Each structure stands twice: as C-alpha cells, then as structure tokens.
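Every number here is computed from the coordinates shown, using simple stated rules; none is lab data. Since the model is a prediction, treat every value here as computed from it, not as a measurement. Note that we place each Cβ from the backbone using ideal geometry, even for glycine, and neighbour counts take in every protein chain shown.
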Amino acid sequence: MKHDSISIEDIESIAPLSRESTEIFLTGHWSSKKPIYVDKTSPCRQACPIGIDISRAFYEASEGDYHEALRIYRQDNPLPGICGRVCYHPCEGDCNRKEFDEAVNIRGFERFLSDRGRVNLEREAPSRLRREKIAVIGSGPAGLSASYHLARLGYSVTIYEALPEPGGMLRYGIPEYRLPKEVLRKEIGYIQQLGVEIRTGVRVGKDASLADIKRDVHAVFIAAGAHGGMRLGIAGEELPGVMEGIRFLRSINLGEKGKTGQRVAVIGGGNTAIDCARTARRIGGREVRIIYRRSKAEMPALAEDVASVEKEGIRIDFLAAPKGLILDKGRLSGIECARMELGSPDGSGRLQPIPIKGSDFIVPADTVITAVGQVPEVEFVRELGLSLSQRGMIEISPENTMTPVEGVFAGGDCAGGKAFVADAIASGKLGAFAISCFLEGKDMKREFQNHRIGTRPSFSFQHFMDPEKDPVDLKGVVPFDQINTLCFPHHARNNNPDPLEPDESIKTFKEVASGLAPARMEDEISRCFKCGTCTQCDLCFLLCPDISIMKDDASGYRVKEDYCKGCSICASTCPRHVIEMRGDK
Amino acid sequence: MGAEGLNIMTEEMEKEYMRPGHMACPGCGVATTMRLVLKVLGEKTIVVIIPGCAAVTSANYPNSALTVPAFHSAFEIAAPTAGGIANALKIQGRDDITTLAFAGDGGTFDIGLQSLSGAADRNDNFIYVCLDNEAYMNTGIQSSSATPRNAWTMTTPGGRRGRKKQFMQIIAAHRIPYAATASMGYPQDLMEKVKKAKGIKGMRFIHTLAPCPTGWRMPEDLTANSAMLAVETKLFPLYEIVDGTEYRITHDSKGLPVGEYLKIQGRYRHFNEEEIKDLQEEADEEWDRLVARTKGCM
Amino acid sequence: MKQLLSGNYAVAEAVHLAKVQFVAAYPITPQTPIYEKLSEMENKGELNGIMMRVESEHSAMAACISASLTGVRTFTATASQGIALMHEMLHFASGNRVPVVMVNVNRVLSVPWAFGSDQSDSLSQRDTGWLQFYCEDAQETLDTVIQAYQIAEQALLPVMVVMDGFFTSHFIEPIEIPEQTLIDTFLPEVAIPRRFDIQNPAYLSNVVNPSQFMRFRRRSFEDMEKTKPLIKETDSEYRRIVGRGYGMLEAVDTDEAEIVLVTSGAMTGTARVAIQSLREKGYRAGLLKMKAFRPFPTQEVQEALKDVPKVAVVDRNISIGKEGIFCQELKAALYPLEHRPMITGYIAGLCGADVSPDMLEEMALETLHRNKPEDLPIWVQRD
C-alpha cells in the first residue's frame, strides 16, 4: 500500500548522505613543501676508484636481474671477475652497512655477477665508429681498461704487449690460486670482441719503436706497468738461492717449472710478498716465512690475504729486516736480521722502521725471495722526449693522464698511480676520457667536474656518455645518518667460503676462495641498503596519509601536489634517502 | 621485515578507496591506517565510523573521502552497529560484503568497551579496527585508558597515573577467532593481517598504533618512524592471537632502548631517569610475558 | 482464531505475523516474556530472521538502526531503565529516518525503585522524533504493532507502540490472532531502501552545518505531520482487511457531554466503566481515549472537545515542575480554540497504583463541580 501524502523516493533529502568527493579541497595549498625524488650516490661508489654504480647494481640484482647488474658494473669496469677476486675493496671500507652491523660483501657480489651474469656485447658496442686510431702500450689492467672505454667510444685501438699473453700483472703477477687464467681469458676476450687488437710478444723499445707507433695513430696511452723488482740493497743479493719476487712469479705464470728450497724466506709485506710465499708453499717450500719490517697494522697486503697466509702455515716475522745473507759451504743457509721498532712517519706517511741495536738474529733459509717494491721499465719513452721521475715513473698530470708531449698519455703503475688493480683500471678509464676530450676538443676539466662522483677522483662513464639516462645526483653522497635503519633487521654478513681445507689447498694452484652460492648471494643482496637508489619499495606510496603519491610506470612515483600537505613522512621514512623536500612551509 | 620489496601488493590492492582532500592534520597516522585497511578489503566493504579523528577527517557533508559505503554512528557503538549490518547482510544473502568498524582508542578502550565485549561475546561477523593514537585527540588531546603511564595530555598535565590498558588481553579473553596488533609503520605486516582477517568469519579485532604528531607533540614527518620505534623498543609488539589462546609474534623487535622512542615526542619531554627506567622495565617484562605466551605459557 | 494470551505474548505473535527479519533485545521487567517468546520462536525456526542477544538496550537500538539502514525489517522491545538508556539512540533512529518498530512496556523510571506501570518512561522520549501510540489492551497492541510497520516503512520514521506494564503485558485476555494471509495482504514484502550500496557508495549521517541541520530537522517535522493522514488510512485499511481499527483517538459519548474524562492506555478500560456509571447516575459524561500521542492529534482533539465545557485529564505520569504530560499537551492543543473547555489535570496510578472506577467517577465529578481551573494537577491516590 502506498500513500500519497508522503513520497520519499529521495533518501538524500531526508537524512544526510555524502557522495561528492573531497577532492574539491585542494589541501596542497596548506604547504609549499613538496617531495622530489632524486637518486643519489652511495658512499661505496664514491670510494671505488673506478666509480662503479654499486648501489644501482645491487638494486637490479635484488629485482632478480643479474645481467643488468653486470652491465652496470661493466659501464665503468670491464674486469669485474678480476676485481671480484683481488680488489682491495675500498667500497666495503665506506659501506654504510658497516655502521649498522657489518659491511656488505661487495667484492663477493662483483665476482658473482661476473661468474654468473651474461654479458651483452651488443649493448656495449659503440653507437658509431670514429676514424681515429689509438695505440695502447701494455695490456695490464690500465691498458685493458683504457682500450675498452676507447673502443666503446668508437675508436679503433691496438694494444702492444711485450709478454706472450695479455694481462700484465694480472696474469704474470697474481697466481692462479687467487685469479684463475680462465677468468682473464674470458674478460680480455670480451674486450677483443669489441674490436680491440692485442699484439703480444712486441716489446716497445726493442721490437717496435714508440715514435713509429705514434706516427700512425692519433693518440698513445702508455700503461706499461711496473715490472721491475726493487733490490734489497744488501750484500749477496746476486747469489744463487736469492730470487727477485716479480721475476719468480712471472716465471711460474709463464708455465715454467718453478723450484725453491725447503726453507723459504720472503722479504716484504705487500701482496707480491704474500703471493711469493703462498706460491713457494705450493711448489715445495716446507717452512715458508715472510719477513716484514713494519707491524701487521702497516702491512700493505689485504687482511684476508694475510689471514690466508696464516692458514696455510706460513709464518710472518713482523718488525724484522734483513741485514745480510749467511752462506754455508758456498750455499745460502740463512739471513741475518735485525729487529725493528717504529719511529715517526716517513714521506709516505707510514711509521719509519728503526733497527734496534743489538737485536740481531738469524733466520735459517735456503731460498730468499725479495718483494720489496716495483719500478717501471719504461726507458723507451725517452724516445719521444718524455722524462722519468727519480723512481722511474713517467711524469704526467694526474688529473688527466697527460704527458708534456701532445697526444701522449700515461697511466697505471708506470705513471705513479696507486699500485692496486682498481686504481689501474680507473687510471685507464681516465686516460680514455682524456683522450676522447683531447680528440674532440672538449674542456677536460669541466667535463670531469660534470661527471665526477662526490669528492673523490672517480667519475661516471655512464654519465659522460649519456647524462640524461637514469639521472643521479653524483655529488650527493648518502651518509649513514640519512639511512633509515629502522627499516632493516640486523643480519650477519655472508662471506665467500673457502671450500678446501688449508692443507688441501696448498697442494694445488686451484682457486682457494669460491663464489657465494646463489641463496647466500640473494641474502647478501638484501643486506645492501641501496643507498640513494630508489628500489620502488613502495613505502612512500603506502605511507602517504593524503594519498598524494601515485605509482607511475614511467617514472616510479608521481606526487599530486594539489593534495600533498608537505608532512614529509615520505622523505623521513625513505630507507635510503631518495626523497627530498623542496620549498618552505 | 625491512623495506625490501613488499610482496603482498596485488593488482587489486593498487586501487585506492580513500580520496585526498580530506581534513586530517598533516602527518596523520589514522588517515594512513584507514587507507591501508581499505586497500586490502576493497570495494565490497561497508564501513562504520564513530566520532573521532577518523570521522571528522573522512567526511564533511556533502563530501566524502571514502569510495565505499560508510555510516557515521554514535561514539560508543561501533561494535553493535557493525553487528547489526553484518546480521542484516546475512539475512539478505549479501555476506560477500565485509563489514568493517573503525573506532579510536576512546571508543574502544573506554566508552565502547561494553558494546565491544558484547559483540565479541556473540562472535558477530565483522572486522573491528581500533585506531589507537593514545588519547581523545579529536576533542583536543584528553587522556584515555590507552594513554601510556606518565604521558602528558591536556587532562593529565602532570602525566597519566594509570598504565596503558592491556587491551589485547581483554580481547583474548573473549576467545574470538582472530586478533592482532599492527601499525602503519609496518605496512606489509598490517596489510597481511587485514588480508588474513578478511578470510575469517566471526569477530576479528586489529589493534593498530596510529601515531598522532599533533597530540604526541612530535614533528609531523616522524609518524612512521615513531610507529616503528614503538615496535622496535618493545612498547608495541606486533603479534597475533588466534582463538584467544595461540600467540604468534610477527615481527622480532630489535630491543632498542625506550629512550629512542621517548626523545622524539614532546608528550614525554618531562620524563626523568626514574620514569624512563620504569618504562624500560615495563617494556621488557611485557615482552617476556608475550614470548612466554607464544610458547603456551599463559 | 482466538487464544488466551498476555499482552507480551500477543506482541510476539504480531512480530511473527509481520515477518520481522531482525530482533535485537535485552531483558527488562516487564518486557522479558516478549524476548523469551521470540527466542522460543527462533529456536523452533519460526522466526524469519536473526536474533541478536545484545548486552544493553543502547546496543539493541544501535543494532536495529544499522540493520534497518541495511534494509531489513527490525524490532525491539524494552521498558523503563531500558528505554532511558536508549535515549541517545532514539534520536539517532529518527534522525537517520529508519523504520524501526519498538514496543515499550510502560514501567516507572527509578528512583525510587519499583516496577509498576507508569507512562513516564515512554513520555520522557516524546521529543525524540518517534511516533508514539498508546494501547488500551493486548488485542489493540497486537494490531497496532502490525500497523506500525506499514506506517514506519511509508514514512521512514520510527514507531513506538506502548502498553501498560503488568495490566496489559501480563494479564491474559482472549486475543484474535489474524490469519497470516490477511497480514500478508496488508503488509507488503519488505522493500526498505538498502542505503549501503556498493555500486553507488555514500557516506551516511556525517557532520552538517547549522543551516543544513535546520533543513533536515524541518523535513522530519513536516514528514511527521504528514503521517496523520497516513495513520488514518493505514487504520482504515487494516479495518477493511482484518476487521479491527482504532483511529488516532476514540471519543465515547462526547456529543453534548458536560464532562469528559481523558485517559490513555489500560486506564481507559476502567474509564469506560466509570462513565457508564456516571451516565446511569444521570450525568452527561463522556470519555476521550488518547491513542496517538506523536504526532499529536491536535485537530481531532479540538473537534472532540470544542463544545465540551469541562474536561478531566487523568495522567499516569508526571513531569515534575509542570503537570501531567497528556494534560499539558491537551491544553496546548486546545489553546487556539475560541471557547476552551475548563481542564483539570489529575495525577493517578503512578507506578501501577490502583485506579478504580469510582476514583475516576470522583475525579469527573470533582471537575464538573469546579468553576475555576487549577494551575497545578490534583494528586489522587488511595492508600
């Protein structure tokens, strides 16, 4: 029954009912503060001499794309498999995670990518070929790096290598158990596939003249390394039983059958000394020891390599230095050493060792290997009028690798660079950059500043080649106090395992350390904070009380400025400091 | 869990059921919590809201910030209102629609406790989400029984004497199928719990900590961080109670000192060493009790 | 089909006949048998829907309101302290414009504590925007409850059906229970608007500004006025189909009466005897039974009493600070008349105190012989 006197068909007029949207209220006017998304630089990237975009690589890997992560590494470093095994990892030294629990195993990550990632040379090939030809002297890490980057820029590159195979110290200095030759073959192979020609067995200054080479090319990059071992400077150094370390390692790596006595003493404290000791251990040395004039803290070798030494039963005598060699019936039987104490710092900044009077002692030894420093063997550069420093280094302007001779650049160990693989690679990269600026008439200084990472002497090659792609604030380095550690649980670091027991590993030259297993690598990747790289974790999107951050396929996130009240929860909660608030309240 | 890849988001959950342009204070924890809950529950939801910040911010006749049907009920009756709707839907054969009640700490711990207890006793079929900002914030920061001990409010200027009511214990005593604590500082955990609740029939209760920068006297950008700190200092643990007896901790607290949480909030500025120590002891003891309960020791 | 039933059980039958879908209730004397009877029906599967056994009357009304908004036919019953507790929710129901039907079994409001019939509980709610009907006996209560659903669902206003505690609720009388088929003809299938619409979502009942508020209130006021013809039509329809009707009020022998007694509820039955007796004694005595109280049947009251010189209103209630409530409202309704009867108010039967026919006779005669009206009501009780 319906009654006429009341007609209630429209509920809205009898009781309050709201259907219209609140979007007519533009609450964005409450504040002029709005968030912007700016990817920044991680401290590991700034610390890396090569300037690898480590954070971004970890991000891509966390999304499951190891190949893309590898590609990111290779934007700056063509030799990740090598660095992933032997680098001194300054990245880990500055890793923000170190302040939270333990640094991320970044070196292990680099190795993993190289071992398991796929290289897509098509993406690395130059977009256009240039007519200029470049010559590179030396196929060590500096020369390989320079060649790689020059080839990617489109230049035609020829490397002149004195030894039978390419690699320089990578092949002839670092033993197989630390860096398998297979890795070299693979990574140098990629460089060759990009069109770089390597002429081995050509010693410049003997088999070819530098002037002749220079005449045929538009620029030369000299990266001949430092293959001369320094002498100890004590009597008897020329005796049988006394070997120079670099030559010793080279001979082993050339495939020659090496031999030592049973009691081997290695003089020195760097990685060459360590490698000599561990090599000697593998080829017959029963009692192998290292004699080093400073203490453990000053030892230049990497801590993990020192640990390997101790595991392999090699003893280290700290604060001891040889005074003279002792013979018995014309054969080497021992070394007379003095104990040292540390005095004030010397020119290099390290504490000067001072012999303690009356502390002499004898170390029994039938073999002595000296590894007390390396110098370049680059007399051939005088042909072009280049001068050498007191220590035999080619004189260059370090900020651009230029020598006084136009068109001639030099880098790596032969030009006085820091004697680490990563620094040599960085030097080669800088050389390629400098040569490119030189040939194209660009202002090198300004270009460098544009692409420089933070305040350290590395720059982004990616940025140099294409500043518009994946914009990043290269000068904005994310400090630890800007990481929102509330978002992360504590978790122990995953270290690369040594699958062999030390007494097994010393019987072979098989690689001692192995890569991380995929599950452990995944775990370690999740430990990386990915400082400054937006990982699309969606926290900003979900936590916005005003539904003012939208997800956008193209750019990740988009802010609805009409509604954003400027509360800044997004910026303050972002785990990795990607969001900044601009504008005043 | 940390911020590594939220894997609960489905295509459904990309949609929004709350609109911008609402009148919440900048940095409002209640607004975010409501938004996340609605995201999970989706379109087929009827929402009951009672007087408080949630009501005043989500609608102002004739505009609504919600895109699902809602009803502004009276202060103490979120629970029977939701129960009435749930029963009516059942009668109509429409119980694919979720009934959801939002109530503040005042409407849950104090004036609404009786009716909530009745609904829990009847195991009425709806989800009750308590938006706990630890005081009557909408009326200007007056203390409730959810206000922590010694905290400042306008009606407890010398600090509140009572302890924060152990509300989950009250709920557990009713033996409802599902109860949980959650916080917008951990959106994945919150959304997982709402999703779980959605699939259960009967009474479901979620106690969320929704920080209030205005009332806690805190900078408005610290809402999520303070919510995380509450959990990491063990003051607001994240856990579930199934059938009132099975306890499960869903986030392992880092055990940060309570001072980390207190120092960012003006309502605790007056705390002296003694009070901080008391609070630390309280946090530690309650956590230990909770852990014991997860092992079946009641 | 006649059965011997108490008023409470008659109400339960009415709820069953009306095919109510949702009941939320809380026990309170003297309503409990309604709640129990409905529970029994539910247990046997005879109830058409769901019973929600709530933990307070306040929650009972809350649940009825939201269930009604969802679109189901709802019912609750209460008394005394219960309806007082519900007070906030009564405003809520009328403000939300929901067709909830409630039976209130009159019982005195404490303090002092007592249980007898007294109209102050229901009359205290007169400003809440509900329709209110006062029933004389169990049969009328049953019939009114069924009519209430028709009225409520047409007007979208809540309806309260009131009966006396104990006198009507508990005393047994022969009740005609209508056939279900007749009621199905009278009451349509439930077509209560479903205000929660997923497809077209709206936010109900949120905050308005003062001028918006006034507009909504005025609309409720106007719609309440419009229920007057609706009530009459509904009653006629019911009379036509079922055979019984009651009107908004009932005038008995008021034509040319010299004194009219005005009563409501169970007392009316006693009043019928009283005026019979007065007539036999030669007095031209009449009776006006008040049924509808909200909306107040102003026109009908004016029509019935305009030519009556003296009126005695007997209130089983008191508004302290003024007078009996039916008396107040009656005086206000008669105010616009050019010639107004002289009205005396009597307070009798509070808390179920006995009101006998001769007491009513005395009140009528006392008014008849009075020449000046009294400001204050006259209290009548036999100790």
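Taken residue by residue and averaged, Cβ atoms of other chains lying within 10 Å of the Cβ of C:38-51 number 1.
Of B:38, B:100, B:89, the residue with the greatest mean-square motion in the GNM of chain B, using alpha carbon springs below 10 Å, is B:89.
Take each residue in A:487-494, count the other chain C-beta atoms within 10 Å of its C-beta, and the mean is 3.
Calculated over chain C, the projected area of the Cα convex hull averaged across directions stands at 20.1 nm².
Straight-line cross-link partners of residue C:322 among the aspartates and glutamates, defined as a Cα under 18 Å from its Cα and at least 8 positions apart when in the same chain: C:118, C:121, C:127, C:374, C:375. Remark: segment B:282-289, residue by residue, has Karplus-estimated 3J(HN,Hα) of 4, 4, 5, 5, 5, 5, 4, 4 Hz, where x stands for each Gly or Pro and the curve is 6.51 cos²θ - 1.76 cosθ + 1.60 at θ = phi - 60°. When peptides A:179-187, B:140-148, A:567-575, A:336-344 are ranked by their average number of other Cβ atoms within 10 Å per residue, the highest-first order is A:567-575, B:140-148, A:179-187, A:336-344. Of all DSSP bridge pairs formed entirely within segment B:1-125, close to 25 percent run antiparallel. Over 26 Å apart at the Cα level, from the set C:281/C:310; A:565/B:164; A:530/B:196, are A:565/B:164; A:530/B:196. Could you give the distance between the Cα centres of segment B:176-190 and segment A:126-140, to the whole Å? Centre-to-centre distance over Cα atoms comes out at 60 Å. The antiparallel fraction among DSSP beta bridges confined to the protein assembly as shown stands at about 35%. The value of relative contact order for chain A, using C-alpha pairs under 8 Å at least six residues apart, is 22 percent.
Rounded to the nearest whole Hz, the Karplus-based 3J(HN,Hα) values (6.51 cos²θ - 1.76 cosθ + 1.60, θ = phi - 60°) of segment C:262-268 follow the sequence 10, 9, 8, x, 4, 4, 4, with x at glycine and proline. The mean count of C-beta atoms from other chains within 10 Å of the C-beta of residues in C:207-214, rounded to a whole number, is 3.
Using the Cα centre of chain A as the reference point, and only Cβ charges (+1 on K/R, -1 on D/E), how large is the resulting charge dipole? Debye, rounded to the nearest 20. Using Cβ point charges on Lys, Arg, Asp and Glu, chain A gives about 1860 debye. Tell me which residues come under 5 Å, amide H to amide H, from residue B:205 once H is placed; ignore anything under 5 positions away on its chain. Answer set, sorted by chain and number: B:128, B:178, B:179, B:180.
Phi-derived couplings, Karplus 6.51 cos²θ - 1.76 cosθ + 1.60 at θ = phi - 60°, listed residue by residue for segment A:18-28: 10, 10, 6, 7, 6, 5, 6, 8, 8, 5, x Hz, with x used for Gly and Pro.
Taking only the Cα atoms of the protein assembly as shown, the ratio Rg/Rh comes out at 1.22, with Rh defined as the Kirkwood radius. With a ≥ b ≥ c taken as the square roots of the eigenvalues of the C-alpha gyration tensor of segment C:249-380, please select rounded if a/c is under 1.5 and otherwise prolate if a/b is larger than b/c or oblate if it is not? Verdict is rounded for segment C:249-380.
Summarising the amide proton neighbourhood of residue A:266: residues at separation of 5 or more, or on other chains, whose placed amide H is nearer than 5 Å comprise A:289, A:290, A:291, A:369. Sorting C:35-47, A:86-98 by average packing, meaning the other beta carbons within 10 Å per residue, from highest down gives A:86-98, C:35-47. Only beta bridges with both residues in segment C:2-242 are counted; by DSSP, about 20 percent of them are antiparallel. The aspartates and glutamates whose alpha-carbon is closer than 12 Å to the alpha-carbon of residue A:323, local same-chain residues fewer than 8 away aside, are A:237, A:336, A:360. Secondary-structure-derived ellipticity at 222 nm for chain A, considering helices only, amounts to -8000 deg cm²/dmol, per-run term -39500 (n - 2.57) for DSSP H runs with n ≥ 4. Ordering of C:304-310, C:195-201, B:78-84 by packing is B:78-84, C:304-310, C:195-201, highest average first (other Cβ atoms within 10 Å, averaged per residue).
Rounded to the nearest 20, the Cβ-based charge dipole of chain B about its Cα centre (Lys and Arg +1, Asp and Glu -1) stands at 560 debye.
Please report, in debye to the nearest 20, how large the charge dipole of segment C:1-130 is about its Cα centre when each Lys and Arg carries +1 at its beta carbon and each Asp and Glu carries -1 there.
I would put it at about 320 debye.
For the pairs A:560/B:39; A:186/A:507; B:234/B:295; B:15/B:193; C:19/C:44, note any where the Cα-Cα span goes beyond 21 Å. Beyond 21 Å: A:186/A:507.
Cross-link reach is defined here as a Cα-Cα straight distance under 18 Å, omitting same-chain residues fewer than 8 places apart; for residue B:263 the aspartates and glutamates meeting it are A:481, B:134, B:220, B:221, B:232, B:273, B:274, B:275, B:278, B:281, B:282.
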